[in-house]
Each structure stands twice: as structure tokens, then as C-alpha cells.
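S.K.: I have a structure here, written as C-alpha cells, and I will follow up with some questions on it.
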Amino acid sequence: MKTTDPDLLRKSDGPGGPGLPAQRPAPATPPPSSEGQSKTGGTLNVFSHGVLVIWAFLVAMPLLWAVMTSFKDDKSIFDSPWSLPDRLHFENWSRAWTQAHMSEYFLTTVIVVACSLVGTLLLGSMAAYVLARFDFPGNRFLYFLFIGGLSFPVILALVPLFFVMNNLGLLNTTHGLILVYIAYSLPFTVFFLTAFFRTLPTSVAEAALIDGASHSRTFFQVMLPMAKPGLISVGIFNFLGQWNQYLLPTVLNTDPDRKVLSQGLVQLAVSQGYKGDWSGLFAGLVMAMLPVLGAYIVFQRQVVAGLTAGALK
Amino acid sequence: MQHGKYRFIAGFLIVPLTIYALFVIWPFVQSIFYSFTDWTGLSPEFSLVGFDNYTRMFGDGTFWKALQHSVTFVLLLPVVTLGLALFFAFMINVGGRRRKGAAIAGVRGSSFYKIVYFFPQVLSIAIVALLFRFAYNPNSGALNSALGILGLDGLQSNWLGDPKLALWCVMAVIVWSTTGFFVVLFSAGMASIPKDYYEAALLDGAGRFTTFFRITLPLLWDTVQSGWIYMGILALGAESFAIVHIMTVGPGGPADSTTVLPLLVYQKAFVGGQAAYATTIGVALLIVTLAFAALVSRVGRRERLEF
């Protein structure tokens, strides 16, 4: 039970008065009559810290366990999962990086995500700008067409999409995967940026048009720089979504030489399971985990803002 | 000028719309059409068979199991995840020892908790699934070994190998990986609720739980509701596919005890060569998704509170 400023209390009921059961006194000057209530507040504080620490522990332990395991040799991984490594087996990491193709998976993922992200932001902001700022027949229809993609199960479209891609010669190609990533990122991007462009003032764009700038020049030189905060938020959202994508590449990118990171790791888990190279596998897993976690800790504020922005709108 | 405007609109829309229509809309439309054919996916030929696929689906025991598991997911996971998240967020924002002059206070170290809780959200679902596949390993996994160290040998189990436990293990991983996001989301919402409301309620003698149900929850309801729908779609879609596909034996096993609708679609289409039947199951998944979204919108409708 929490309470307000002690001065306020005195004005109403007095400290620990009947109107305020189990209130907690100020730590500095505890009113003499409220020792039991102080305990209640303290108990609650201990309780909330208790449950919060337990969950933090549950979240962190599996991750720390993986980091620790990646430095152990295979025998101790199997015999005593929670023992500390006898020494830091860095060779697990170099083996994963070279022999287990982690370097190639990283490279493919970087290329695919970089191209998809630029494409998504460019095409998404173009479509969103037109839908947010121009009146034309069919505007509402197109907007809801884009938004509709948010709630449909992607797997339903993947069955025919596989054959569409096959017919177009895009199956198992990098550019094909990039196009699909862009297409499936558009619904949220258009939804988010349309709302964002609507909040920007119209006067600047009008001034640019009166000065003789074309519509497209106004967009690229005036509106896009103004939309930078929105682009950063939706960019972070799409970056994580595309970097972590598993479903789309599993179905559409089955070429073993061109796997993306998440796929490659699963592949690794299957093959290393036969080889018994568990330490190499854990090294690969941690290798894939750390860059994203590191980037998150550095850009924590922006990442949280980017990921929660859509839901709060 | 008008002419220039329409040319500009068309020029800006043509590329995004073409990509979207070709890779998203068109396959969706096709898949609903294919559910009425006998297309195998292996050859381009097919003929219309009416509702044969649907009749077959209703007689397919595996489909009913997958449907039952997916419905369990969509009913249980959002409630558990959002419930936990609301609880933690409330503790973070209101559970603190009162500091001078403040009606409510966050716990010490609230930003630390929020950073740690958010970790799973930035990881690929594939990494999370792999990690827990090893953690659940009955011989060398972290879980059984930790139980052994704590002296709780009786609780050690063959987690993913036991048909009675496997589905719960899968759901626990989804809860583990999604709760943190909602804690942070709800925390942001709670932080924007004016402190005066709490002060007024406390002066009137409201307890902590009353303030939660009478102030926090109603003012946060919009966020909770959109989170509910978001979580439900996630529990029916790509997330549940990835977890089940990577973690479970089979995948979907043991004995179909963890199979879910998206996994069944994938298996029929790309392993079994029954593309038309796969789209039929996909249509069932679409119906479940839309029914869920409609249900939550209806049940969750409240008067919008402005503050």
C-alpha cells in the first residue's frame, strides 16, 4: 500500500488514520504509530523485488549458460552442464566461424538484410507518403489492402508463393529473398509511416511546392528528412524482424550454399548433432546472439522506442 | 498541375504496390482458390474438386490435434504472457519503497529489469528455440542438470520427449521469449498515467490492488487490447511454427503432441507434396486467426478513456 506526502496526510486523517489502512511512512521521519504499516510497505517492496529478480534470473540464466557452454569442451558439456569451463576453449569459436560456415551465413544475412532494409524504407515511405498526403480515388482501399497484410497468417501465402517464385526464377536467389522480405515488411512499414506523415506539418511542403519544387523533389529533400525519427523507429523494427527471420528463408531459400544466419544455425544443429561437435554449435549460437544483444544494449533507448512505437499508436 | 499530381501518385505507388501484390496478395488469393483443387504442387496440372479437401480435413485426426493445440496457444498464451507482463510492469512502476513527496514509486533498478527482460525480444526465434532444445535435453541439458544440483531429482523429466509435457514446454518458451516486450510496453504506458490519479485514489483509501484494477488497467486498456491481438496472431503464426519446427522431435512429435496448424501446412506442402490440402489447412488457420481478432475486439471493447 502506498501513500502520499506526510503533510497531506496530516491535513486529512493524520498519519495512520482510519482512511489510510497500511500506509507506508516516509523513511526519514517515521511517525511513531505506524511501525506495523512500515513493515507492510517493506514486505511489499521485498516481494516486488523478489519476483522481479526471479524473472530476471530466468531470462538471463539460459543466455549465460549458452555463453559459458560455448567455451567448454564436448566432454564437459555432456558430463556436467553447469560446471565452469576448465579453460576458455576459443578454438570452438574459430571452428564454428570457418568450418561450420558461420562466416558465410553472416555475410549472406548482412547482404540480404542491408538491401531489404533500404528497399523497405524507401518503398514503404513512398507509398505511405502518397497515402497520407494525397486524396485520390481508391486511397482508402489501397491503405486497407496494405494494412490487411498485418493480420493474415503468412504461411497460407507461402505455399503458392513458392511456386510463383519458382516460375519467375527467383527461388533460391538472393535478390528473390530480398524482394520477398520487402514485400512482407511493407504492411507494418506503410501502417506506421502513414500515421507518421500525417503528424508532420503541411506548411513546409506547401512552401517548397510554391517555390517551384516538384512533388518528388519535395518528398526527397523536404519530407523525408523531416520523417527521420519515424524512419529510424520503423527501420529498427524491420532490421530486427528481417535479421531474425526464420519462416521465409526456410521455405523460399533452400539452397545450402546461401543460407541466412537463423537457418544456418538450425542446419548446424542438425549436422553437428551427428558429428557430436556440441561445443562448436554453442559457439555458433552465441556468435549469432552477441552482436544483436550488444547492439541492443548500446542503442537500448532507440530499440525499445522502435519496437514499442507501433503498438502504442 | 492536377495531371502532374496523378502522375506523381502513380509513380510513387507503382513499385511498392507491384511487389506487394505479386508476393503477398496474389499468393493469398491463389491459396484460397487452390484449396478447392487437387493440386499436388509437384506438377502444374490440377482440377477442381469442390469441397473434397475440406471433407478430408474434417476426417483427419492430425488436423484436429493441430487445431486443438493452436486454439490452446491462442487462448492461453496471450492471457499468461500479458498477465505476467502486467504484473511485472506494475511491480516495476509501483512496487517501490516510497520516496519523499511521491505517491507511488518505481522499484530501485527499474531500468535494469527492463533491459534484461527485453533480451529475448531482440534474439531470433530460431536461436531461442535452439537454445531451449539443448536446455531441455534430458541427459546433458541445463534444466535437468540444474534440478539435479538443487536435489530435485524427482522433477527431472524427458521434457520434449514426453507427450504429456512437450506442449507445455513449447508454450513456456513462447512465454519466456515474449513477456519482456510487453513488460516494457506496459511500463511505458504506466509511466504516462498522471501521478495525481494515484494520489487521489490513495487519499480515498484505495489499496494497491484496487488502484491496479480501477486506475492502471482501465487507462492502459487500449494498449492491452492491441497487445492481446498481436500476441494471439504471433501464437498462431510464424513464431509457433519456428519454435515447434526447431525444438520438437519429428517435428510436431512425440506422437503429434506438439503439432500446430502452421507446421502442418508446411509439412503437407513442402514435405508431403499435397499443396492443395496444405492450403485448405491454411484457410482453417486464417479462419481461426480472424475469429480470434474479432472476438478480442468485441470482448475487449471499452469506452476509450482520455487522459
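The values are calculated or read from the model by the stated rules, or taken from the named source; none is laboratory data. On a predicted model such as this, the values are computed, not experimentally measured, just so you know. Counting neighbours? That spans all protein chains shown, and the Cβs are built from the backbone with ideal geometry, glycine included.
S.K.: Name the helices (runs of 4 or more DSSP H) wholly inside the stretch A:194-313 in which the number of residues that are of a type in the set (Gly, Ala, Ser), touching a residue at least 12 places away in the same chain (Cβ under 8 Å) and in contact with a helix residue (DSSP H, G or I) (Cβ under 9 Å, 6 or more places away or on another chain) is 3 or more.
M.R.: Hits in the stretch A:194-313: A:228-243, A:261-275, A:278-298, A:300-312.
S.K.: What's the number of the condition A:Gly176 fails, among (1) within 12 Å of chain B (Cβ to nearest Cβ); (2) of a type in the set (Gly, Ala, Ser); (3) buried (at least 20 other Cβ atoms within 10 Å of the Cβ)?
M.R.: Among (1) within 12 Å of chain B (Cβ to nearest Cβ); (2) of a type in the set (Gly, Ala, Ser); (3) buried (at least 20 other Cβ atoms within 10 Å of the Cβ), A:Gly176 violates only (3).
S.K.: Does B:Phe212 qualify as being within 10 Å of chain A (Cβ to nearest Cβ) and either in contact with a Leu (Cβ under 9 Å, 6 or more places away or on another chain) or assigned to a helix (DSSP H, G or I) (or both)?
M.R.: When the stated conditions are applied, B:Phe212 does not pass them.
Let's see how each residue does on (1) more than 7 Å from chain A (Cβ to nearest Cβ); (2) under 24 Å from A:Tyr181 (Cα atoms):
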site: B:Phe8; (1), (2): no, no
site: B:Leu13; (1), (2): no, yes
site: B:Thr18; (1), (2): yes, yes
site: B:Ala21; (1), (2): yes, yes
site: B:Val24; (1), (2): no, yes
site: B:Pro27; (1), (2): no, yes
site: B:Phe46; (1), (2): yes, no
site: B:Gly50; (1), (2): yes, no
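S.K.: Residue under question is B:Ala242, and the condition is that it be crowded, with 20+ Cβ neighbours inside 10 Å, within 24 Å of A:Thr250 (Cα to Cα), facing another protein chain (nearest Cβ under 10 Å) and under 16 Å from the mean Cα position of the chain (by Cα); does it hold?
M.R.: It is true that B:Ala242 is crowded, with 20+ Cβ neighbours inside 10 Å, within 24 Å of A:Thr250 (Cα to Cα), facing another protein chain (nearest Cβ under 10 Å) and under 16 Å from the mean Cα position of the chain (by Cα).
S.K.: To continue, here is another question. Can you name every one of the helices (runs of 4 or more DSSP H) wholly within the stretch A:69-156 that holds 3 or more residues which are away from chain B (no Cβ under 12 Å) and either within 16 Å of A:Tyr184 (Cβ to Cβ) or in contact with a strand residue (DSSP E or B) (Cβ under 6 Å, 6 or more places away or on another chain) (or both)?
M.R.: Because the criterion is at least 3 residues that are away from chain B (no Cβ under 12 Å) and either within 16 Å of A:Tyr184 (Cβ to Cβ) or in contact with a strand residue (DSSP E or B) (Cβ under 6 Å, 6 or more places away or on another chain) (or both), the helices (runs of 4 or more DSSP H) in the stretch A:69-156 that meet it are A:102-133.
S.K.: Could you tell me which numbered condition A:Asn166 fails, if it satisfies all but one of (1) surrounded by fewer than 22 Cβ atoms within 10 Å (Cβ to Cβ); (2) within 11 Å of chain B (Cβ to nearest Cβ); (3) farther than 19 Å from B:Trp26 by Cα; (4) not hydrophobic (A, V, I, L, M, F, W, C)?
M.R.: (3)
S.K.: Filter the stretch B:209-225 for residues that are under 17 Å from B:Ile92 (Cβ atoms) and buried (at least 17 other Cβ atoms within 10 Å of the Cβ) and give the result.
M.R.: B:Thr211, B:Phe212, B:Ile215, B:Thr216, B:Leu219, B:Leu220, B:Thr223, B:Val224 - these are the residues of the stretch B:209-225 that are under 17 Å from B:Ile92 (Cβ atoms) and buried (at least 17 other Cβ atoms within 10 Å of the Cβ).
S.K.: Among the residues in the stretch B:135-155, are any in contact with a helix residue (DSSP H, G or I) (Cβ under 8 Å, 6 or more places away or on another chain) and closer than 17 Å to A:Val303 by Cβ?
M.R.: No - not one qualifying residue is present in the stretch B:135-155.
Yes/no per residue for (1) surrounded by fewer than 21 Cβ atoms within 10 Å (Cβ to Cβ); (2) at pLDDT 80 or above:
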site	(1), (2)
A:Gly41	no, no
A:Leu44	yes, no
A:His49	yes, yes
A:Ala60	yes, yes
A:Val67	yes, yes
A:Ile111	yes, yes
A:Met126	no, yes
